[in-house]
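*Asks:* Can you read through this structure? Questions will come right after.
The values are calculated or read from the model by the stated rules, or taken from the named source; none is laboratory data. Model, not experiment: these values are computed from the prediction. Cβ placement follows ideal geometry from the backbone for every residue including glycine, while neighbour counts extend to all protein chains displayed. Only protein heavy atoms, including side chains, enter the accessible area calculation; ligands, DNA and RNA are left aside. Shrake-Rupley method; radii C 1.70, N 1.55, O 1.52, S 1.80 Å.
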Amino acid sequence: MKNKIIAGNWKMNKNQAEAEKLISALKPLVKDSKNTVIICTPYLDLEQAVCLTAGTNIHVGAQNCHWAESGAFTGEVAPSMLKEIGVEYVILGHSERRQYFGETNQTVNARMKAALEAGLKPIVCIGETLEERNSGRMQEVLATQIKEGFEGIDEEQLRRTIVAYEPIWAIGTGVTATNKQANEAIGFCRSQFEELYGKDEAQKLYIQYGGSMNAVNAAGLLNQPEIDGGLIGGASLDAEKFSAIVEAYKI
Ligand code: 13P
């Protein structure tokens with residue numbers, strides 16, 4: 001029986017003082033959970049987050065990393081730099097990065113390879129727009145994101161990777177996918193991984209749901225058989241709300 005992986009994506013929120021307050025409040029609230037708890041903070045909060053969560057069950061992730069080891073890439077951060085300060089996870093290919101910063105399946109793939117090479121565990125985001133869903137292209141979009149995004153990733157690397165299905169129309173909108181929509185879409189994603197890696201690997205793979213997940217709808221979503229966890233935006237900025245999601249699923 002799999003536990004669930006609940007990750008908070010703080011996005012561009014929380015300065016150092018606010019981050020310290022949130023982490024301190026969160027620690028006692030999630031300490032007994034058997035689910036895996038991850039907080040993905042802005043770069044500048046990472047080192048403090050690693051220190052404050054040392055010896056606890058909270059893991060720390062970044063929200064992006066570059067594909068090169070070093071070099072003339074102004075404004076970017078290398079995966080080895082994250083690894084060096086104790087970061088374990090890194091979100092890659094979030095729809096906001098695809099939409100506002102020109103990420104493509106190819107750049108996501110390059111970042112994933114570099115992150116894995118550095119010993120980080122990627123959380124790779126995929127998902128369709130409302131227009132793509134309504135025009136019947138959801139499966140095609142997801143299949144392409146998986147095929148191109150995971151090009152050249154082997155089984156061993158897949159085992160260190162988490163996938164987050166985040167329908168773009170559900171992100172930050174308050175419109176959550178229904179339990180059935182989320183379960184079906186993740187089931188479809190898993191079928192694509194099965195084609196690429198076989199049934200066993202696809203079953204082991206953790207695929208999260210993300211998009212307006214909150215304390216109220218979390219239990220329904222997390223109890224769906226295909227949904228292995230959540231990637232939480234807004235509700236991860238509040239210790240009570242985030243811990244309620246972590247506690248919403250008991251093994
Ligand atoms: P919200 O939970 O705010 O909808 O954000 C989801 C998300 O984008 C997590 O990566």
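*Asks:* Taking only pairs six or more apart or across chains, which ones have beta-carbon atoms under 7 Å, a first residue in region 206-235 that is closer than 15 Å to residue 248 by Cα and touching a residue at least 60 places away in the same chain (Cβ under 8 Å), and a second residue that is more than 13 Å from the ligand (Cβ to nearest atom) and open to solvent by 40 Å² or more (accessible area, probe 1.4 Å)?
*Replies:* 228/2; 228/206; 229/206
*Asks:* A follow-up question, please. Give just the number: which of (1) farther than 13 Å from residue 186 by Cβ; (2) outside any loop (DSSP other than H, G, I, E, B); (3) open to solvent by 50 Å² or more (accessible area, probe 1.4 Å); (4) not aliphatic (A, V, I, L, M) does residue 214 not satisfy?
*Replies:* Residue 214 satisfies all of (1) farther than 13 Å from residue 186 by Cβ; (2) outside any loop (DSSP other than H, G, I, E, B); (3) open to solvent by 50 Å² or more (accessible area, probe 1.4 Å); (4) not aliphatic (A, V, I, L, M) except (2).
*Asks:* Any residue at all in region 191-205 that is within 16 Å of the ligand (Cβ to nearest atom) and within 23 Å of residue 90 (Cβ to Cβ)?
*Replies:* Narrowing region 191-205 to residues within 16 Å of the ligand (Cβ to nearest atom): none.
No: zero hits.
*Asks:* Restricting to region 51-71, name every residue that is open to solvent by less than 30 Å² (accessible area, probe 1.4 Å), farther than 16 Å from residue 92 by Cβ and not in a strand (DSSP E or B).
*Replies:* At the first step, the residues of region 51-71 found to be open to solvent by less than 30 Å² (accessible area, probe 1.4 Å) are 53, 58, 60-62, 64-66, 68.
Checking which are farther than 16 Å from residue 92 by Cβ leaves us with 53, 58.
Correct list: 53 only.
*Asks:* Still on this model: I'd like to know if region 99-110 contains one or more residues that are under 24 Å from residue 58 (Cα atoms), of a type outside the set (Phe, Trp, Tyr) and touching a residue at least 40 places away in the same chain (Cβ under 8 Å).
*Replies:* Quick first cut of region 99-110, residues under 24 Å from residue 58 (Cα atoms) only: none.
For region 99-110, residues under 24 Å from residue 58 (Cα atoms), of a type outside the set (Phe, Trp, Tyr) and touching a residue at least 40 places away in the same chain (Cβ under 8 Å): absent.
*Asks:* Restricting to region 149-182, count the residues that are assigned to a loop (DSSP other than H, G, I, E, B) and within 16 Å of residue 193 (Cβ to Cβ). I'd like the intermediate steps shown before the answer.
*Replies:* We begin by selecting, within region 149-182, every residue assigned to a loop (DSSP other than H, G, I, E, B); these are 150-154, 159-161, 166-167, 171-178.
Next cut, within 16 Å of residue 193 (Cβ to Cβ) only: 150-154, 159-161.
Total meeting the criteria: 8.
*Asks:* Sticking with this structure for a sec: For region 12-66, what are the residues that are of a type in the set (Gly, Ala, Ser) and in contact with a Leu (Cβ under 6 Å, 6 or more places away or on another chain)?
*Replies:* Going through region 12-66, the residues of a type in the set (Gly, Ala, Ser) turn out to be 17, 19, 24-25, 33, 49, 54-55, 61-62.
Listed by number, the list holds a single entry, 62.
*Asks:* Which numbered condition trips up residue 19, out of (1) more than 23 Å from residue 222 (Cα to Cα); (2) part of a helix (DSSP H, G or I); (3) touching a residue at least 40 places away in the same chain (Cβ under 8 Å); (4) open to solvent by less than 10 Å² (accessible area, probe 1.4 Å)?
*Replies:* For residue 19, the failing item is (3).
*Asks:* Still on this structure, please answer the following. Can you confirm whether residue 148 is at pLDDT 95 or above, closer than 20 Å to residue 202 by Cα, in contact with a Cys (Cβ under 7 Å, 6 or more places away or on another chain) and not small (Gly, Ala, Ser)? Walk me through how you get there before you give the answer.
*Replies:* Details: at pLDDT 95 or above: yes; closer than 20 Å to residue 202 by Cα: yes; in contact with a Cys (Cβ under 7 Å, 6 or more places away or on another chain): no; not small (Gly, Ala, Ser): yes.
In short, no.
*Asks:* May I pose another question? With the checklist (1) in a helix (DSSP H, G or I); (2) surrounded by fewer than 22 Cβ atoms within 10 Å (Cβ to Cβ); (3) small (Gly, Ala, Ser) in hand, flag the one item residue 33 doesn't pass.
*Replies:* (1)
*Asks:* Got a sec? Which of 114, 78 is at pLDDT 95 or above and open to solvent by 10 Å² or more (accessible area, probe 1.4 Å)?
*Replies:* On the way: 78 fails: open to solvent by 10 Å² or more (accessible area, probe 1.4 Å).
Within the list 114, 78, the selection yields 114.
*Asks:* Would you point out the residue of region 118-148, among those that are within 24 Å of residue 70 (Cβ to Cβ) and not in a loop (DSSP other than H, G, I, E, B), that is most open to solvent (accessible area, probe 1.4 Å)? Write out each step before concluding.
*Replies:* Of all residues in region 118-148, those within 24 Å of residue 70 (Cβ to Cβ) come to 118-124.
Next, only the ones that are not in a loop (DSSP other than H, G, I, E, B) stay: 121-124.
On the way: 121: 67, 122: 0, 123: 0, 124: 2 Å².
Step by step, filter region 118-148, then rank; the result is 121.
*Asks:* Would you tally the residues in region 182-199 being touching a helix residue (DSSP H, G or I) at 6+ places or on another chain (Cβ under 9 Å) and surrounded by fewer than 18 Cβ atoms within 10 Å (Cβ to Cβ)? Give the steps one after another, and end with the answer.
*Replies:* Within region 182-199, the subset touching a helix residue (DSSP H, G or I) at 6+ places or on another chain (Cβ under 9 Å) is 182-183, 185, 188-198.
Among the residues that remain, those that are also surrounded by fewer than 18 Cβ atoms within 10 Å (Cβ to Cβ) are: 188, 191, 194-196, 198.
So the count comes out to 6.
*Asks:* Would you check if residue 46 is open to solvent by less than 10 Å² (accessible area, probe 1.4 Å), in a helix (DSSP H, G or I) and within 28 Å of residue 103 (Cα to Cα)?
*Replies:* Numbers: open to solvent by less than 10 Å² (accessible area, probe 1.4 Å): yes; in a helix (DSSP H, G or I): yes; within 28 Å of residue 103 (Cα to Cα): yes.
Judged against the criteria, residue 46 is a match.
*Asks:* Test residue 208 against the criterion of being away from the ligand (no atom under 16 Å from the Cβ) and either in a helix (DSSP H, G or I) or crowded, with 24+ Cβ neighbours inside 10 Å (or both), and give yes or no.
*Replies:* Working: away from the ligand (no atom under 16 Å from the Cβ): no; either in a helix (DSSP H, G or I) or crowded, with 24+ Cβ neighbours inside 10 Å (or both): yes.
The answer is no for residue 208.
*Asks:* Moving to a separate point now. Considering region 1-28 alone, what residues qualify as being more than 16 Å from residue 54 (Cα to Cα) and either acidic (Asp, Glu) or more than 16 Å from the ligand (Cβ to nearest atom) (or both)?
*Replies:* Applying the first criterion (more than 16 Å from residue 54 (Cα to Cα)) to region 1-28 yields 1-18.
Once the filter is applied, which keeps residues that are more than 16 Å from residue 54 (Cα to Cα) and either acidic (Asp, Glu) or more than 16 Å from the ligand (Cβ to nearest atom) (or both), region 1-28 yields 1, 2, 3, 15, 16, 17, 18.
*Asks:* I would also like to ask the following. Would you tally the residues in region 162-188 being over 16 Å from residue 217 (Cβ atoms) and within 16 Å of the ligand (Cβ to nearest atom)?
*Replies:* Residues meeting the conditions: 4.
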